[in-house]
Amino acid sequence: MQWVLIIGLSAIIFGIAIAVGNSRQKELMSEGKIVKRDYSFWENMEIFSTGIPYAAVLNAVRNTDYSDLKADVYPNVNGQAAVLWKSSHAWNAKLLYAGENAGRQIYRFSFTGWRTRNGSPYRPDTMNMMMTRIEKMILAMDPSATVETHKMQLKSRPRFL
Amino acid sequence: METALGIALLAGLTFVLLLIKWAISATLHKGVDAASNAYKRAQERNNPPQAESLAERYGQSGPNGQNGDIF
């Protein structure tokens, strides 16, 4: 009898957690802060082809607020034409200017590292928000921008403790 | 003296067990990564990614979303 009660309570708590997660996702989607993406979208690299020069992207990045993502911005990280975001939601993201190709400017956006719990990042919703923000930023500056989505080759590392 | 030796032995044993657990986990991670990366490479070879218009991706809501500008 006790076991039935414990299993029943666990199922109810699990159901409530899923319902809360779903409702937050719907809310973020209706606000336009995230879009529906593949499962494990955080493993994707997005390659943008645009007409926007790096200086303009840098300016737009500097004028964007990332406080809801708890992310600090590091423009021109390591002397590269790249912007790094470090979020306290346990992920880092990078937008790298990859040069010019056929008169178009190429940028690569990807998550460079994230911590996982049971195989998934701690806060995939904030990662979706970050990716959406970058896409919308580029789209707002260049409506003719295109994007290619590639799956990244990953290397995972277990923690010692 | 014996108590100190016992504590040191226990600490050493704990460290060794943690090291073994980490080594097994690292080997498993390496194997899973290799398999997963090979699968992704094969998928990309069979279906190379196509360039997609960002405007089309956001065609429903426009560049500023449905209910307000986030940028």
Pairs over 18 Å Cα to Cα, from A:Lys136/B:Lys40; A:Lys26/A:Lys70; A:Lys155/B:Lys40; A:Lys86/A:Lys136, come to A:Lys136/B:Lys40; A:Lys26/A:Lys70; A:Lys86/A:Lys136
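Fewest to most neighbouring Cβ within 10 Å: what's the order for A:Ile12, A:Ile134? Show your work: numbers first, answer last.
Numbers: A:Ile12 10, A:Ile134 24.
The most exposed by this proxy come first: A:Ile12, A:Ile134.
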Per-residue ellipticity at 222 nm attributable to helices in chain A (runs of n ≥ 4 DSSP H, -39500 (n - 2.57) apiece, nearest 500 deg cm²/dmol) works out to -12000 deg cm²/dmol
Between A:Ile12 and A:Tyr39, the two model label points (7 Å from Cα along the beta-carbon direction) sit apart by a distance in nm of 2.9 nm
When B:Met1, A:Met29 are ranked with the fewest other C-beta atoms within 10 Å first, the list becomes B:Met1, A:Met29
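Provide A:Phe111, B:Phe15 in ascending order of the number of other Cβ atoms located within 10 Å of each residue's Cβ, fewest first.
Working: A:Phe111 21, B:Phe15 11.
The order, fewest Cβ neighbours first, is B:Phe15, A:Phe111.
Once you charge only the Cβ atoms, +1 for Lys and Arg and -1 for Asp and Glu, what is the size of the charge dipole of the protein assembly as shown about its Cα centre, to the nearest 20 debye? Before the final figure, lay out the partial values.
Values: 26 positive and 19 negative charges, 113 e Å.
In total the dipole reaches around 540 debye.
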P(r) of chain A over all Cα-Cα pairs, 5 Å bins starting at 0, rounded to whole percent, reads 1, 8, 15, 19, 18, 14, 9, 6, 4, 2, 2, 1, 1, 0, 0
Sparse-neighbourhood loop hits (GluC sites (Glu not before Pro), the range A:64-161; DSSP loop; Cβ within 10 Å at most 12 others) -> none
Under the Karplus relation with 6.51, -1.76 and 1.60 and θ = phi - 60°, whole-Hz ³J(HN,Hα) for the range B:11-24, x at Gly and Pro, equal 5, x, 5, 4, 4, 5, 5, 5, 5, 5, 4, 5, 5, 5
Taking Cα atoms only, helix A:2-30 is inclined relative to the longest principal axis of chain A by an angle, in degrees rounded to 10, of 20 degrees
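Readers should treat all values here as calculations from the given coordinates under stated rules, not as data from a laboratory. What you are looking at is a predicted structure, and each value in this text was computed from that prediction instead of being measured. Here the Cβ is made from the backbone with ideal geometry for all residues, glycine too, and neighbour counts use every protein chain on show.
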